[in-house]
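**Q** Got a structure for you, questions after.
The values are calculated or read from the model by the stated rules, or taken from the named source; none is laboratory data. Only a predicted model underlies this, so the values are computations on that prediction, with no experimental measurement involved. Using ideal geometry, Cβ is built from the backbone for each residue, glycine included, and neighbour counts are taken over all protein chains shown.
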Amino acid sequence: MRKILPGLVVLLAGCSSVSTSYDFDPGTDFSKLESYAWLPAPKREQSNDLVLARIQRATDRELAAKGYAPAKSGADFLIAAHMGSRQRLQVTDWGYSYGMGYGHGGYYGRYAGPGSIEVYEYEEGSIVLDFIDGKTRKLIWRGVATAAVPESPKPEQIDKLVNEAISKVLEKFPPPG
């Protein structure tokens, strides 16, 4: 199986299929949040500082559009970004196939036979954004974006796809209140 670039996650090869989900603490008053700060990224074997920088730039841009600003000190919430990937299988059963063949009485005609099954193995990447209360250090919001990872993406493609993933996941922040 192919190897992915270390830490390259939530990237698509073509059409968009970024899936997102989120969860939050309903006891948090999100209307009081104004400023944020980034937590240092955990150093892992598969960490990719270039992708992490793209994630941070895209997140900063999306949050600025919503009226949030980086804190000079005493941030209302902290952001931690996590990346990961795993092997996935997509199995498609096309049902019956139709074709020409010997029919009743030895003549050619149409028949229905066993269908074909296609199996596609691919890498699925994820970006997780955790928003943590700046005072209590408790998780208040988590957004997750997942998608298929292309084999050999170009830097421009990576930019586009990370921007799309972050934009989609932050559509749900702040949560409806």
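**Q** Look at the stretch 1-41 and say how many of its residues are modelled with pLDDT of 50 or more and in contact with a helix residue (DSSP H, G or I) (Cβ under 9 Å, 6 or more places away or on another chain). If you could, list the steps in order and put the result at the bottom.
**A** Applying the first criterion (modelled with pLDDT of 50 or more) to the stretch 1-41 yields 16-41.
Cutting the leftovers down to in contact with a helix residue (DSSP H, G or I) (Cβ under 9 Å, 6 or more places away or on another chain) gives us 16, 18-22, 24, 36, 38, 41.
Residues meeting the conditions: 10.
**Q** What number of residues within the stretch 147-168 satisfy the criterion of being touching a Phe, Trp or Tyr at 6+ places or on another chain (Cβ under 7 Å) and either of a type in the set (D, E, K, R) or closer than 26 Å to F77 by Cα (or both)?
**A** 0
**Q** When you look at A75, is it modelled with pLDDT of 95 or more, surrounded by 18 or more Cβ atoms within 10 Å (Cβ to Cβ) and closer than 21 Å to I158 by Cβ, yes or no?
**A** Here the answer is no, as A75 does not meet what is asked.
**Q** Kindly indicate the residue of the stretch 21-74 that is in a strand (DSSP E or B) and closer than 12 Å to F173 by Cα and also farthest from the chain's Cα centre (by Cα) among those meeting that condition.
**A** It comes out as F24.
**Q** Can you find, within the stretch 156-177, the residue that is surrounded by the fewest Cβ atoms within 10 Å (Cβ to Cβ) among those that are more than 14 Å from T59 (Cα to Cα) and touching a residue at least 24 places away in the same chain (Cβ under 8 Å)? Before you say what the answer is, go through the steps one by one.
**A** We begin by selecting, within the stretch 156-177, every residue more than 14 Å from T59 (Cα to Cα); these are 156-158, 175-177.
Cutting the leftovers down to touching a residue at least 24 places away in the same chain (Cβ under 8 Å) gives us 157-158, 175, 177.
Details: Q157: 15, I158: 19, P175: 15, G177: 9.
If we take residues in the stretch 156-177 being more than 14 Å from T59 (Cα to Cα) and touching a residue at least 24 places away in the same chain (Cβ under 8 Å), then G177 is surrounded by the fewest Cβ atoms within 10 Å (Cβ to Cβ).
**Q** Let me ask something else about it. Within the stretch 135-177, can you find the residues that are of a type outside the set (K, R), modelled with pLDDT of 95 or more and part of a loop (DSSP other than H, G, I, E, B)?
**A** Scanning the stretch 135-177 gives T136, E171, F173, P174.
**Q** Checking the structure you have, find out if any residue of the stretch 144-155 is in contact with a helix residue (DSSP H, G or I) (Cβ under 9 Å, 6 or more places away or on another chain) and either without any contact (Cβ under 8 Å) to a residue 60 or more places away in the chain or surrounded by fewer than 18 Cβ atoms within 10 Å (Cβ to Cβ) (or both).
**A** The answer is yes; a qualifying residue exists.
**Q** Let me ask another. Out of the residues in the stretch 85-94 meeting the condition of being modelled with pLDDT of 70 or more and in contact with a Gly (Cβ under 9 Å, 6 or more places away or on another chain), tell me which one is farthest from E121 (Cα to Cα).
**A** Per the stated criteria, the residue is D93.
**Q** Among the residues of the stretch 115-122, is any surrounded by fewer than 17 Cβ atoms within 10 Å (Cβ to Cβ), more than 24 Å from the chain's Cα centre (by Cα), at pLDDT 95 or above and among the β-branched types (V, I, T)?
**A** no
**Q** Let me ask something else. Out of curiosity, is I140 surrounded by fewer than 21 Cβ atoms within 10 Å (Cβ to Cβ) and more than 17 Å from Q87 (Cα to Cα)?
**A** Criteria not met by I140.
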